[in-house]
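Contents: one structure, followed by commentary.
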């Protein structure tokens with residue numbers, strides 16, 4: 001007669017429970033949040049002139065208990081764009097900030113650039129953020145016209161600039177020293193280019209020239225233009241495009257000149273200011289900032 005097989009139900013149940021607990025541990029191990037960090041840049045974009053500097057801030061934030069150190073770097077940069085960090089290495093327990101300073105060479109081609117910034121953790125994790133940089137062409141206020149002896153022009157005034165650290169300050173005396181009863185200044189590229197130099201800026205793709213302006217007291221009258229220089233190698237924007245006469249406020253205000261449909265392939269007169277004695281019999285002082293092609 002065959003014997004009966006006996007089962008130790010207590011052992012079977014215990015083994016089952018152990019298996020369930022082991023499976024739960026495996027599931028927890030694979031599903032629990034991993035310690036990590038994230039990076040953001042604020043502001044994430046900016047405009048800058050050739051040869052100048054611009055700064056932003058990168059913030060690195062720990063998540064799920066990440067407490068390692070992080071190193072910030074920018075290794076894939078366009079030629080003549082340099083980036084520095086203060087600090088570059090940070091111990092991360094919650095949130096840490098670093099100031100990012102970008103220096104732009106004078107010969108960097110005016111264009112839009114993506115600046116990749118890598119944040120590498122001590123455990124090898126890497127996160128990348130992108131800063132969007134637009135490099136604007138430089139024009140120089142060298143072309144004084146009309147009663148130019150009535151003009152005092154300071155390019156780096158620190159008197160309440162719209163965008164620190166400085167703005168352009170123009171004082172027009174309206175003395176009429178050369179008998180024209182008006183005065184103005186061309187921002188030119190290259191300096192003193194009255195159409196005798198074949199070099200110019202190719203700004204095709206831009207649609208607007210924007211700028212900010214204010215008067216020292218309010219009530220100052222000025223006209224602003226772009227283009228219009230003639231000569232052997234003339235400005236491609238002809239005739240000059242104008243705002244017409246504007247009465248300025250003592251507070252900063254934004255202005256623009258529409259360039260849609262204009263030829264921007266060879267711009268040498270990037271900006272023009274003009275004021276007259278008739279409109280400003282006692283002279284005037286005006287401030288200009290953030291002259292940008294967009």
Flag for residue 237 being farther than 25 Å from residue 278 by Cβ and crowded, with 16+ Cβ neighbours inside 10 Å
yes
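Examine the range 206-214 for a residue that is assigned by TED's automatic domain parsing to the domain that holds residue 262 and under 18 Å from residue 142 (Cα atoms), and state whether such a residue exists. Give the steps one after another, and end with the answer.
As a first pass, look at the range 206-214 and keep what is assigned by TED's automatic domain parsing to the domain that holds residue 262: 206-214.
Of the ones still in play, those that are also under 18 Å from residue 142 (Cα atoms) are none.
Within the range 206-214, none of the residues are assigned by TED's automatic domain parsing to the domain that holds residue 262 and under 18 Å from residue 142 (Cα atoms).
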Of the listed residues (265, 254), the one being in contact (Cβ under 8 Å) with a residue 12 or more places away in the chain and part of a loop (DSSP other than H, G, I, E, B) is 265
Checked 205, 270, 261, 218 against criteria (over 18 Å from residue 146 (Cβ atoms) and either in contact with a helix residue (DSSP H, G or I) (Cβ under 9 Å, 6 or more places away or on another chain) or crowded, with 21+ Cβ neighbours inside 10 Å (or both)); the one match is 270
Checklist entry - Taking residue 130, is it exposed (fewer than 14 other Cβ atoms within 10 Å of the Cβ) and not in a loop (DSSP other than H, G, I, E, B)? => result yes
Reported set for the range 221-234 where residues are at positive phi and surrounded by 13 or more Cβ atoms within 10 Å (Cβ to Cβ) is 227, 228
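Confirm whether residue 114 is assigned to a loop (DSSP other than H, G, I, E, B) and surrounded by fewer than 19 Cβ atoms within 10 Å (Cβ to Cβ).
Working: assigned to a loop (DSSP other than H, G, I, E, B): no; surrounded by fewer than 19 Cβ atoms within 10 Å (Cβ to Cβ): yes.
Taking the combined requirement at face value, the residue does not satisfy it.
Going by the conditions given, is residue 76 within 23 Å of the chain's Cα centre (by Cα), over 30 Å from residue 213 (Cβ atoms) and exposed (fewer than 15 other Cβ atoms within 10 Å of the Cβ)? Steps first, please.
On the way: within 23 Å of the chain's Cα centre (by Cα): yes; over 30 Å from residue 213 (Cβ atoms): yes; exposed (fewer than 15 other Cβ atoms within 10 Å of the Cβ): yes.
Yes: the conditions hold for residue 76.
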Q) Restricting attention to the range 86-96, does a residue exist that is within 23 Å of residue 109 (Cβ to Cβ), assigned by TED's automatic domain parsing to the domain that holds residue 125 and either without any contact (Cβ under 8 Å) to a residue 40 or more places away in the chain or under 23 Å from the mean Cα position of the chain (by Cα) (or both)? A) no
Given the conditions (1) surrounded by fewer than 14 Cβ atoms within 10 Å (Cβ to Cβ); (2) not in a strand (DSSP E or B), every one holds for residue 82 apart from (2)
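The values are calculated or read from the model by the stated rules, or taken from the named source; none is laboratory data. Every value quoted in this text rests on a predicted model; they were computed, and no experiment measured them. Ideal geometry is used to build each Cβ from the backbone, glycine not excepted, and the neighbour counts take in all protein chains shown.
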